[in-house]
Amino acid sequence: VQLRFDGWITEMQDKEAMKKINEDLSDGKAPGIDNLLYSADVEFSCFADLALTSPAEYYKEGEGSLLQCVLTPADRFMSMPPEEVARITCEQAYKLFPSAREQGLKCTWSNVVKLRESLYREAPGMDKFRPAQNTVIPNFFLSGSYTYQDYIDSMEGATKSGLLCAEEVIKATESLVSLRDSKMKATA
């Protein structure tokens, strides 16, 4: 879901800056949080203000935040009209950023794209189906958000998996060195 506002919804410190849209801020210096964010308090698992994180593509002079929100799991939203999905998402954005509502920021445009199978689904008992980083095949390792690690299937999960995979490679290094050394002795 994309929501365009008439101000900077993620600016929480400076109420004047929150409404500053009538000057060129295309240099990426618009007020607000310039990062990919996560929340457990709303139905969008991750979100970003694209006008801040990618100003070359999404900043528009005279307009404010372009919040992009990923709703997951999205089952309850699939049958809803796009306007209703946008309204619910906007209400939840105000829940995260109450100062935006207090300052009277309005959603001026929205866009909803529904993709039923594009995201992960966390379900109890599914971790047993996630492969470990070390496999039964010697010197074959796996890394990716789908592998077993203590985080959801996400960029963070992929990073954690990569670190776990690196640990497995380091553990295997000693046996690889021993194997190499024994082969070198055999050929000498």
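For segment 89-104, enumerate the residues that are assigned to a loop (DSSP other than H, G, I, E, B) and either modelled with pLDDT of 95 or more or of a type in the set (Gly, Ala, Ser) (or both).
Within segment 89-104, just Gly104 meets the criteria.
Here's the yes/no breakdown for (1) over 22 Å from Phe44 (Cα atoms); (2) in contact with a strand residue (DSSP E or B) (Cβ under 9 Å, 6 or more places away or on another chain); (3) in the same structural domain as Cys90 (by TED's automatic domain parsing); (4) of a type in the set (Phe, Trp, Tyr):
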{"residue": "Gln133", "(1), (2), (3), (4)": "yes, yes, no, no"}
{"residue": "Leu142", "(1), (2), (3), (4)": "yes, yes, no, no"}
{"residue": "Thr147", "(1), (2), (3), (4)": "yes, no, no, no"}
{"residue": "Gly157", "(1), (2), (3), (4)": "no, no, no, no"}
{"residue": "Ser161", "(1), (2), (3), (4)": "yes, no, no, no"}
{"residue": "Ile170", "(1), (2), (3), (4)": "yes, no, no, no"}
{"residue": "Leu179", "(1), (2), (3), (4)": "yes, no, no, no"}
{"residue": "Lys183", "(1), (2), (3), (4)": "yes, no, no, no"}
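How do the pairs read when you match residues in segment 18-32 that are in contact (Cβ under 8 Å) with a residue 60 or more places away in the chain with residues anywhere that are assigned to a loop (DSSP other than H, G, I, E, B) and not β-branched (Val, Ile, Thr), using Cβ under 6 Å and keeping only pairs 6 or more apart or on different chains?
Met18/Gly7; Met18/Trp8; Met18/Glu11; Met18/Gln103; Lys19/Gly7
Take segment 53-74 and flag every residue that is over 19 Å from the mean Cα position of the chain (by Cα) and outside any loop (DSSP other than H, G, I, E, B).
If the condition is that a residue be over 19 Å from the mean Cα position of the chain (by Cα) and outside any loop (DSSP other than H, G, I, E, B), then Ala56 is the only one that fits.
Exactly one condition in (1) in a loop (DSSP other than H, G, I, E, B); (2) closer than 24 Å to Asp153 by Cβ is not met by Asp27; state its number.
For Asp27, the exception is condition (2).
The values are calculated or read from the model by the stated rules, or taken from the named source; none is laboratory data. Note that the coordinates shown come from a computational prediction; the quantities given were computed from them, not determined experimentally. Note that each Cβ is placed from the backbone with ideal geometry, even for glycine, and that neighbours are counted across all protein chains shown.
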